[in-house]
Amino acid sequence: MAINSQPRDGRGSCQQIGFCFQGCKSGAKWSTLVSEIPKGEATGNLEVRPDSHVMKIEHDASGKVTGVVYMDADNKMQRQKARIVAVAGNSIESPRLLLNSASNMFPDGLANSSGQVGRNYMRHMTGTMYGIFERPVHMYRGTTMAGIIRDEAPHNPKRGFNGGYEMETLSLGLPFMAAFLNPGAWGRTFTASMDAYSRMAGMWLIGEDMPQETNRITLDPTAKDKHGMPVASVHYDDHPNDVAMRNHAYQQSAAIYQAVGATVTLPTPPYPSTHNMGTNRMSEKPRDGVINKFGQTHDIKNLFVSDGSQFTSGAACNPTLTIVSLAIRQADHIATRMQQRDI
Ligand SMILES: Cc1cc2nc3c(=O)[nH]c(=O)nc-3n(C[C@H](O)[C@H](O)[C@H](O)COP(=O)(O)OP(=O)(O)OC[C@H]3O[C@@H](n4cnc5c(N)ncnc54)[C@H](O)[C@@H]3O)c2cc1C
Ligand code: SF4
């Protein structure tokens, strides 16, 4: 967990107050906003231009990228020249930007000679189980995700599916819980469950979903954003493996809560995606993916992808620390290659 148990790196320790999704006043919860960005700005080498929106990446006649065109906070179009461009707009916006940057030289979008830009969109097999107990549980006290059960994480095809999943204790604040306990529900059963909030405990189920080429981000043929650029169209279907895994996870998580005295167990459907992954996948061979192991696109030497869209599979755990590790490795690689005047 990226939360300070004691003061570290200029940030405070966790006070176990809870409701971490609403923000962490003590700065115990790691985020680039409170950690890397202030440090970067202090060096004088980092300038953040908030509320800017990149519309297109440009390239020269040799195919090397030369910079980006973006709308600034005052809605003025700007052009920023760059020696290298690192795309990190999340797994939906990154492929959208590459596709929206199509040109005569790259008619299918930048870095897309394999046709893999936008494909293999993943967001984890998810679901949630809530248990209601006779006496108060106060699940909201302490960090939002305080415990992880990894017993079902290993690959064990005897269970009827490939890959595995984690069960992560989860506490939501009341407004979030009302929206997601049973989306669209109303009436006595629903309000009775909400009345039991202080006696409730939650467990998020998160597992490896299958990468599928047909789960993909494309450019919407008609809908455009306020700058006139095509928006992303997202297609995602569960693989039968994902469905089998979710059913198994519901069964095991209910069994855990029943074993510790739950009087009611409430399975809830997957939330809207929070873990976007894939869509600019890493590959050894250029024909199989978009980028190499350092996030450098196979097609364009000075164009990099630096976010979760690099993933080839989702694994049975939350993605952010892996995204950060890849970004750190990539930064070291870029620094070395720039010093060598190789890019
Ligand atoms: C409610 C919630 C809870 C989560 N909890 C966890 C957790 O407990 N553990 C975990 O590991 N992960 C968690 N995640 C997932 C995690 O936040 C993401 O996996 C991670 O942030 C993805 O990193 P990224 O670099 O791919 O994209 P992001 O962090 O989304 O960064 C993309 C950035 O690019 C910007 N951008 C996009 N397009 C453009 C453009 N055209 N021009 C300029 N800027 C642009 C966006 O505004 C954004 O700032 C959670 C997510 C949510 C929503
Ligand atoms: S419980 Fe969450 S919000 Fe509160 S201090 Fe700890 S990490 Fe921060």
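The values are calculated or read from the model by the stated rules, or taken from the named source; none is laboratory data. Being a predicted model, the structure only gives us computed values, none of them experimental. In this analysis, Cβ positions are derived from the backbone assuming ideal geometry, glycine residues included, and neighbour counts consider all displayed protein chains. For accessibility, only protein heavy atoms count, side chains too; no ligands or nucleic acids. Shrake-Rupley method; radii C 1.70, N 1.55, O 1.52, S 1.80 Å.
Summed over region 60-75, residues that are of a type in the set (D, E, K, R) and surrounded by 12 or more Cβ atoms within 10 Å (Cβ to Cβ) total 2. In region 1-13, which residue that is touching a helix residue (DSSP H, G or I) at 6+ places or on another chain (Cβ under 9 Å) and within 16 Å of ligand 1 (Cβ to nearest atom) is nearest to Tyr197 (Cα to Cα)? The selected residue is Ile3. For region 295-314, give me each residue that is open to solvent by 40 Å² or more (accessible area, probe 1.4 Å) and within 16 Å of ligand 1 (Cβ to nearest atom). Once the filter is applied, which keeps residues that are open to solvent by 40 Å² or more (accessible area, probe 1.4 Å) and within 16 Å of ligand 1 (Cβ to nearest atom), region 295-314 yields Thr312, Ser313. For first residues located in region 293-318 and in contact (Cβ under 8 Å) with a residue 24 or more places away in the chain and within 16 Å of ligand 2 (Cβ to nearest atom), partners that are in a loop (DSSP other than H, G, I, E, B) and open to solvent by 10 Å² or more (accessible area, probe 1.4 Å) and lie 6+ apart or on another chain with Cβ distances below 8 Å form the pairs Asn318/His275.
Taken over region 256-266, the criterion of being part of a helix (DSSP H, G or I) and either of a type in the set (Ser, Thr, Tyr) or under 16 Å from Glu166 (Cβ atoms) (or both) is satisfied by Ile256, Tyr257.
Name the single residue, out of those in region 147-173 being without any contact (Cβ under 8 Å) to a residue 24 or more places away in the chain and within 16 Å of ligand 2 (Cβ to nearest atom), that is farthest from Met125 (Cα to Cα). So, considering only residues that are without any contact (Cβ under 8 Å) to a residue 24 or more places away in the chain and within 16 Å of ligand 2 (Cβ to nearest atom), the one farthest from Met125 (Cα to Cα) is Gly147. Among the residues of this structure, Ile37 counts as one that is over 17 Å from Ile291 (Cα atoms), β-branched (Val, Ile, Thr) and within 15 Å of ligand 1 (Cβ to nearest atom).
Of all residues in region 263-292, those satisfying the criterion of being without any contact (Cβ under 8 Å) to a residue 24 or more places away in the chain and over 18 Å from the mean Cα position of the chain (by Cα) are Glu284, Lys285, Asn292. Highlighted here would be strands (runs of 3 or more DSSP E) found entirely within region 104-216 that include at least 3 residues which are small (Gly, Ala, Ser) and open to solvent by 50 Å² or more (accessible area, probe 1.4 Å), but there are none. Among the residues here, Pro50 qualifies as of a type outside the set (Val, Ile, Thr), in a loop (DSSP other than H, G, I, E, B) and closer than 28 Å to Pro272 by Cα.
I'd like to verify a number: residues in region 103-151 that are closer than 24 Å to Ile3 by Cβ, out of contact with any Ser or Thr (no Cβ under 9 Å at 6 or more places or on another chain) and away from ligand 1 (no atom under 16 Å from the Cβ), how many? Final tally of qualifying residues: 1. Among the residues of region 289-301, write down those that are over 13 Å from Asn112 (Cβ atoms) and either touching a Leu at 6+ places or on another chain (Cβ under 6 Å) or not in a loop (DSSP other than H, G, I, E, B) (or both). The one that is over 13 Å from Asn112 (Cβ atoms) and either touching a Leu at 6+ places or on another chain (Cβ under 6 Å) or not in a loop (DSSP other than H, G, I, E, B) (or both): Gln296. Scan region 1-59 for residues that are within 16 Å of ligand 2 (Cβ to nearest atom), charged (D, E, K, R) and surrounded by 14 or more Cβ atoms within 10 Å (Cβ to Cβ) and jot them down. Result: Arg11, Lys29. Here is the figure for region 51-94: residues that are touching a Ser or Thr at 6+ places or on another chain (Cβ under 6 Å) and hydrophobic (A, V, I, L, M, F, W, C) total 4.
Does region 261-276 include one or more residues that are surrounded by 16 or more Cβ atoms within 10 Å (Cβ to Cβ), within 16 Å of ligand 1 (Cβ to nearest atom) and under 19 Å from Ala153 (Cβ atoms)? The answer is yes; a qualifying residue exists. Of the residues examined, Val234 is not one that is open to solvent by 30 Å² or more (accessible area, probe 1.4 Å) and within 26 Å of Asp151 (Cα to Cα).
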